[in-house]
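Below is one structure; the comments refer to it alone.
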Amino acid sequence: MKLNLDCIPCFQRQALQAARFISKDEELHQKVLREVTKKLLESNWDSTPPELAHRVHKIVKSLTNEKDPYKEVKRESNDLVLKMYPALKEKVEESRDPLRTAVRLAIAGNIIDFGPLQEFNLEKTVREVLKKKFAIDDYEQLKQNLKDAETLLFFADNAGEIGFDRLLVETFLKARKLEKISFVVKGGPIINDATIEDAIYMGLCDLPNIEFLKLSNGDAGTGPERSSQTVKRWIKKHDLVISKGQGNYEGLSEHNGLFFMLMAKCPVIASDLGVKVEDIILKYKQ
């Protein structure tokens, strides 16, 4: 997915938000915003949104001397979902269609996103998504593909949200024994994206036959980019591939054979998908 002009002011807002998470120093806020604006003006706008986001947040980290500006909000998100987890699991187990309910909850968890959003109400979103009609609904295809799958590749999105993802994978495992689960996180901090530390904290390491793969956060040595041949090989090697959230949709939408699970949280993504903002999506790209 190519960059949209509306992404440019969004990056500026993200940079300012990150700087404010770290410090109350308005001079620092202004310095960050000026440097980010300069970088945006100099950059090639033919990049994908995630590629440009990497450059923007690298500036924020450098000027603030903070490698993880979203550290506190990620911890709060993780703890909030851990508290909710027993009740969420009960909802799935008591449902007429546990897999359908787990998919809905996983998509509801996608609201935990400090990229396009500044605030959200998780519990309200869960209630609404459990009743909401899908704008794109390839659930029957998901059930069919799961029936024959032996390996799962799961591109995670955000901290906190991965607690909902854990519940979804556990539900997959009750329907189908998977010989291998590859769970993809960021190789280093960027925005509130999930890292290996978040995955371990949220109990993903307790799932059977799981391994963790890392995607680049824009820094050297943190993993391959989504557009790399390495990621293409990951996709081809797995029977079932799940892509969570807007960032992964932006970076992986050129690939075939993926299920995209997300909530459309900005007009750019909604327009690309042909849906409305706040719509929920389960889309299979063949």
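The values are calculated or read from the model by the stated rules, or taken from the named source; none is laboratory data. All figures in this text were calculated on a predicted structure; none of them were measured in a lab. Backbone-built Cβ (ideal geometry, glycine too); neighbour counts: all protein chains shown. Side chains are part of the model used for accessible areas, which takes the heavy atoms of the whole protein and leaves out ligands, DNA and RNA. Shrake-Rupley method; radii C 1.70, N 1.55, O 1.52, S 1.80 Å.
If you check Lys67 against the conditions, is it in contact (Cβ under 8 Å) with a residue 60 or more places away in the chain and farther than 30 Å from Asp279 by Cβ?
Spelling it out, Lys67 is indeed in contact (Cβ under 8 Å) with a residue 60 or more places away in the chain and farther than 30 Å from Asp279 by Cβ.
Can you tell me which residue in segment 176-212 is most open to solvent (accessible area, probe 1.4 Å), limited to those that are over 16 Å from Arg166 (Cβ atoms) and hydrophobic (A, V, I, L, M, F, W, C)?
This residue is Ile191.
Tell me, which residue of segment 252-275 that is of a type in the set (D, E, K, R) and farther than 19 Å from Leu130 by Cβ is most open to solvent (accessible area, probe 1.4 Å)?
Glu254
Could you grab me the full set of residues in segment 146-169 that are surrounded by 17 or more Cβ atoms within 10 Å (Cβ to Cβ), within 22 Å of the chain's Cα centre (by Cα) and farther than 25 Å from Glu278 by Cα?
Residues satisfying the conditions are Leu146, Leu152, Leu153.
Starting from residues that are aliphatic (A, V, I, L, M) and open to solvent by 10 Å² or more (accessible area, probe 1.4 Å), keep the ones in segment 213-223 and report whichever is modelled with the highest pLDDT.
Ranking the candidates gives Leu213 first.
In contact (Cβ under 8 Å) with a residue 12 or more places away in the chain and closer than 20 Å to Ser182 by Cβ: which single residue out of Leu146, Leu88 fits that description?
Leu146
In segment 185-286, which helices (runs of 4 or more DSSP H) lie fully inside it and hold 1 or more residues that are farther than 25 Å from Gln141 by Cα?
Because the criterion is at least 1 residues that are farther than 25 Å from Gln141 by Cα, the helices (runs of 4 or more DSSP H) in segment 185-286 that meet it are 196-201, 229-237, 267-273.
How many residues are in a helix (DSSP H, G or I) and open to solvent by less than 60 Å² (accessible area, probe 1.4 Å) if we restrict to segment 14-32?
10
I'd like the full set of residues that are in contact with a helix residue (DSSP H, G or I) (Cβ under 7 Å, 6 or more places away or on another chain), open to solvent by 20 Å² or more (accessible area, probe 1.4 Å) and touching a residue at least 60 places away in the same chain (Cβ under 8 Å), limited to segment 115-130.
Pro116, Gln118
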